[in-house]
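The values are calculated or read from the model by the stated rules, or taken from the named source; none is laboratory data. Since the structure is predicted, the reported quantities are computational estimates derived from the model, not experimental observations. Positions of Cβ are generated from backbone atoms using ideal geometry, with glycine treated the same way; all protein chains shown enter the neighbour counts.
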Amino acid sequence: MRWPVPHGFRAQIAIISAASLAVTGLAIILIRDVISSTESTLVAGARQQCEAACRELKRQYHERSAYGGDSLQNLPAEAQDISLKGLAATVLRSYEGVEGGFYREAGARILGHVYPTGGKAPGLSEREMALLASAAAETERSGRAIRTGVWGRDIAVVVAELVGPGEGAAWALRRLVSLRDPVVEKRRWWLVALVLSAMLGMGGIVSVWYALRAGVAGINSGLRKLEEHFDHRLPSIPGEFGEISRAINQMAERRMALEAELRKQDRLAALGKVVAGVAHEIRNPLNSIRLALELLDRCLKKGTARPEEVRAAIAEIDRLDLILTRLLAFGRPVLTDRRPQDLIALARQAVKLVQDPSRQKNIEITFETDGSAELVADVDGPQIQQVLINLLLNAIEASPPSGRIEVRAGGEDQSVHVSVADSGPGIPESVQPHVFDAFFTTRPDGAGLGLSVSREIVANHGGSLSFQSGPNGATFNVVLPMERKAAGEA
Amino acid sequence: MGKTIGVLVTLLALAGASVARADKDRRKSQEEKQRERIEELSRKLARRLKTPEPGEENKFLHARASALLERAKQARQDAYLFDRLSRAADDLLEASESIFEAGEPERDPEDDDREEAARALQRYYFRAQQAEYFAGLSKPVLSAPASSPEAEPDLYVKYARSLYQQGRSAYDGQRYRRAKKLGEASAKVVSALENLAQASVRAPEPPRLE
């Protein structure tokens, strides 16, 4: 069986607080019980000790009467006191903490009172005297009496035993200090201190809870913002959470540096590909031009020159020009005409510009917005228009005749997006990883630069270009920030 | 009227003479008793002094009994003090007698003798333990000017303990009669100390009529 464990700080703190209170309560009850039980044990022990001492006093009294010389009754009280003290001192020497002697009912007189294990007998207080008198009076009826007096923190146990008719009683007394009184009955300061400490502990727990909650909330909020804007940094927080916050900030810094490095490496790799592609692309038209010019040279020598050779050379030169134009776009990261512009207007313009090729395939292009009259973003208009034209031309190329292309534009909190969805067969899975590679193309007349240039332009704006592909076609999404970002302009 | 007064005066004179006579009789009776007591103790002491070859303990006991008897004689005006001192002297002489009896030939021990001796020694042991307490209270009496310098209460304690120890050894040697007699002697020395301790308190004053 698995116990449900609460994960929230609030529930955990509530459980800890309840447990603390319960433990404190139990501790109080336990201490009280232990004290009571210890005190009861001590009192019972004192009673047993006094009973034994009393029995021995009585026995030795009778022994003395039988064998010890002249009768005490004929002596003055002072002399009796001396004899009985000698007797009691010898008996009570074996009973640690017990004092005692003899009690004569007549005149309520105490004789032979000694406390051999406690020095000189301190004398009995009025209340102890009353307790002894009460016990001695009872011995006349029952032979023996036990009394326990509790006065605040003082406890006295008295045992009295009748010595003989008219001879009074032997008695033994043991004083105890109440354990209960100082800690439970009157001096409750320790209890108050215990409750205060428990409350302080709970206050501490609540305080820690608030600190934890605030720290976690701060980090959560910072992480959310960091997710949206990677240049955001977590605020400075005191304590352990501050260390976490600093560590996250350092991690973000390192990641940004790493990404910049990766971008740089990507560019270098892309440049290598571009150089290879340029060499390959330029070599073909150059060969064609060379062949056309050699043919023209021979024809001129023969006097049979025709304009076709010249036009063929010009066509190859045009092709070279196209390649170089696109290369220029690819290698132009700096946005020269960036300003707040309406993306809906740019998209509509791009749709107009591809009307001719779409008509040739009888393809319908629809344009929808999310209801916004305009979607203003800080962009370089011609470059973004170039991106949209590239996407639309690709969509026309991919869609079958009489197909359909859907263009949608919309905005969110901090960004705008434009999507272009074609009705073609989708992008094969094997091709998808290379869609944005420079000079990668599946078309025989394609340069393989359209999508890679488009992604570069969008990335330069701090946005993203992505795609989803399925059996009913592919959709390319352009997401651009509404406002310019410092880090995105690199 | 004159006759009546004369009768009353005569009656008062007769009553006064009667009271004086009763007091004189009582004092005479007390003096007589004291004299008898002194004579009895003197005889006892004389008898004890005739003991052949007295041991160390006996010499001590005889000397102290003699000294106490002398003090008792001097304290005859104080009936209470006389009584305590004479009793103490008597206790010492009885202790001496017990020591003497302890030296008498022992009969063959029986089972009852052993148990009886054991019980008696227990009593004497308890009594011997009281010696120090009474010795402490006896100091004012025993260090009185009339007392000899060696009459230290500690000596009483020493001999009381020594006699008990000798009795205990006799018990171990199955000489139960000797054990009892020596224990008894020890208890008598303690009794003497107890009487001397009691002598340290003042005799109670007779009550006054309101």
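In this structure, is B:SER186 in a helix (DSSP H, G or I), modelled with pLDDT of 95 or more and within 14 Å of chain A (Cβ to nearest Cβ)?
yes
Can you name the number of the only condition in (1) buried (at least 16 other Cβ atoms within 10 Å of the Cβ); (2) modelled with pLDDT of 90 or more; (3) among the acidic types (Asp, Glu) that B:ASP172 fails?
Just one mismatch for B:ASP172, condition (1).
Please find, within the range B:85-101, the residue that is farthest from the other protein chains (Cβ to nearest Cβ) out of those that are of a type in the set (A, V, I, L, M) and within 10 Å of B:GLU184 (Cα to Cα).
So, considering only residues that are of a type in the set (A, V, I, L, M) and within 10 Å of B:GLU184 (Cα to Cα), the one farthest from the other protein chains (Cβ to nearest Cβ) is B:ILE99.
Condition test on A:GLY123, is it touching a strand residue (DSSP E or B) at 6+ places or on another chain (Cβ under 7 Å) and more than 9 Å from every other protein chain (Cβ to nearest Cβ)?
When the stated conditions are applied, A:GLY123 does not pass them.
List the number of the failed condition for A:VAL478; all other conditions in (1) modelled with pLDDT of 90 or more; (2) out of contact with any strand residue (DSSP E or B) (no Cβ under 7 Å at 6 or more places or on another chain) hold.
Going through (1) modelled with pLDDT of 90 or more; (2) out of contact with any strand residue (DSSP E or B) (no Cβ under 7 Å at 6 or more places or on another chain) one by one, A:VAL478 breaks only (2).
Specify the residue that is farthest from B:ARG168 (Cα to Cα); the eligible residues are those in the range B:194-203 that are facing another protein chain (nearest Cβ under 9 Å) and touching a helix residue (DSSP H, G or I) at 6+ places or on another chain (Cβ under 7 Å).
By that ranking, first place goes to B:ALA203.
Answer yes if at least one residue in the range A:115-127 is over 21 Å from B:TYR125 (Cα atoms) and among the polar types (S, T, N, Q), and no otherwise.
Yes, the conditions are met somewhere in the range A:115-127.
Does A:LEU258 fit the bill of being closer than 30 Å to A:THR325 by Cα and loosely packed, with under 15 Cβ neighbours inside 10 Å?
no
Of the residues in the range A:158-172, how many are of a type outside the set (Gly, Ala, Ser) and touching a Leu at 6+ places or on another chain (Cβ under 7 Å)?
Residues that pass the stated criteria total 2.
Looking only at residues that are buried (at least 18 other Cβ atoms within 10 Å of the Cβ) and free of Cβ contacts under 8 Å to residues at least 24 places away in the same chain in the range A:109-144, which one is farthest from A:ALA44 (Cα to Cα)?
The qualifying residue farthest from A:ALA44 (Cα to Cα) is A:ILE110.
Which residues, counting only those in the range A:373-407, are surrounded by fewer than 20 Cβ atoms within 10 Å (Cβ to Cβ), over 20 Å from A:PRO340 (Cα atoms) and in contact with a strand residue (DSSP E or B) (Cβ under 6 Å, 6 or more places away or on another chain)?
A:ARG404, A:GLU406
Against the condition among the β-branched types (Val, Ile, Thr), more than 30 Å from A:VAL216 (Cα to Cα), at pLDDT 85 or above and surrounded by fewer than 14 Cβ atoms within 10 Å (Cβ to Cβ), how does A:THR90 come out, does it pass?
no
The rows are residues; the columns are (1) part of a helix (DSSP H, G or I); (2) at pLDDT below 90; (3) of a type in the set (A, V, I, L, M, F, W, C).
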position: A:GLU99; (1), (2), (3): no, no, no
position: A:PRO116; (1), (2), (3): no, yes, no
position: A:LYS120; (1), (2), (3): no, yes, no
position: A:LEU124; (1), (2), (3): no, yes, yes
position: A:ALA145; (1), (2), (3): no, no, yes
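Looking at B:GLY173, B:GLY183, B:GLY103 in this structure, which one is among the small types (Gly, Ala, Ser) and under 24 Å from A:ALA89 (Cβ atoms)?
None of the other options fit; the residue is B:GLY183.
Within the range A:107-116, which residues are β-branched (Val, Ile, Thr) and touching a helix residue (DSSP H, G or I) at 6+ places or on another chain (Cβ under 7 Å)?
Of everything in the range A:107-116, just one residue is β-branched (Val, Ile, Thr) and touching a helix residue (DSSP H, G or I) at 6+ places or on another chain (Cβ under 7 Å), namely A:VAL114.
Residue-wise test of (1) within 41 Å of the chain's Cα centre (by Cα); (2) more than 22 Å from A:ALA377 (Cα to Cα); (3) at pLDDT 90 or above.
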residue: A:GLY410; (1), (2), (3): yes, no, yes
residue: A:VAL435; (1), (2), (3): no, yes, no
residue: A:PHE439; (1), (2), (3): no, yes, no
residue: A:PHE467; (1), (2), (3): yes, no, yes
residue: A:ARG484; (1), (2), (3): yes, no, no
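Answer yes or no: is there a residue in the range B:64-81 that is within 14 Å of chain A (Cβ to nearest Cβ), closer than 21 Å to B:GLN198 by Cβ and surrounded by 19 or more Cβ atoms within 10 Å (Cβ to Cβ).
yes
Enumerate the pairs (first residue in the range A:34-56 and farther than 29 Å from A:GLY164 by Cβ; second residue anywhere and part of a helix (DSSP H, G or I)) with beta-carbon separation below 7 Å, excluding pairs fewer than 6 apart on the same chain, so at least 6 apart or on different chains.
Pairs that qualify, where the first residue is farther than 29 Å from A:GLY164 by Cβ and the partner is part of a helix (DSSP H, G or I), are A:ILE35/A:ARG180; A:ILE35/A:VAL183; A:ILE35/A:VAL184; A:SER36/A:ARG180; A:GLU39/A:ARG180.
Out of the range B:140-164, which residues are in contact with an Asp or Glu (Cβ under 9 Å, 6 or more places away or on another chain) and modelled with pLDDT under 55?
The answer is B:ALA146, and nothing else.
I'd like the residue in the range A:34-89 that is within 8 Å of chain B (Cβ to nearest Cβ) and of a type in the set (S, T, N, Q) and, out of all such residues, is farthest from B:ALA131 (Cα to Cα).
A:GLN60
I need the full set of residues from the range A:93-108 which are surrounded by 24 or more Cβ atoms within 10 Å (Cβ to Cβ) and within 14 Å of chain B (Cβ to nearest Cβ), in order please.
If the condition is that a residue be surrounded by 24 or more Cβ atoms within 10 Å (Cβ to Cβ) and within 14 Å of chain B (Cβ to nearest Cβ), then A:GLY101 is the only one that fits.
Checking A:ASN362 against (1) at pLDDT 90 or above; (2) within 19 Å of A:GLN468 (Cβ to Cβ); (3) surrounded by fewer than 20 Cβ atoms within 10 Å (Cβ to Cβ), only one condition comes out false. Which one?
Unmet for A:ASN362, out of (1) at pLDDT 90 or above; (2) within 19 Å of A:GLN468 (Cβ to Cβ); (3) surrounded by fewer than 20 Cβ atoms within 10 Å (Cβ to Cβ): (2).
Do any strands (runs of 3 or more DSSP E) lying entirely in the range A:368-437 carry at least 3 residues that are of a type in the set (A, V, I, L, M, F, W, C) and within 18 Å of A:LYS352 (Cβ to Cβ), and which ones are they?
Correct list: A:404-411.
Look at A:ILE396 and say whether it is closer than 17 Å to A:ALA474 by Cβ, of a type outside the set (Ser, Thr, Tyr), out of contact with any Pro (no Cβ under 9 Å at 6 or more places or on another chain) and at pLDDT 90 or above.
no
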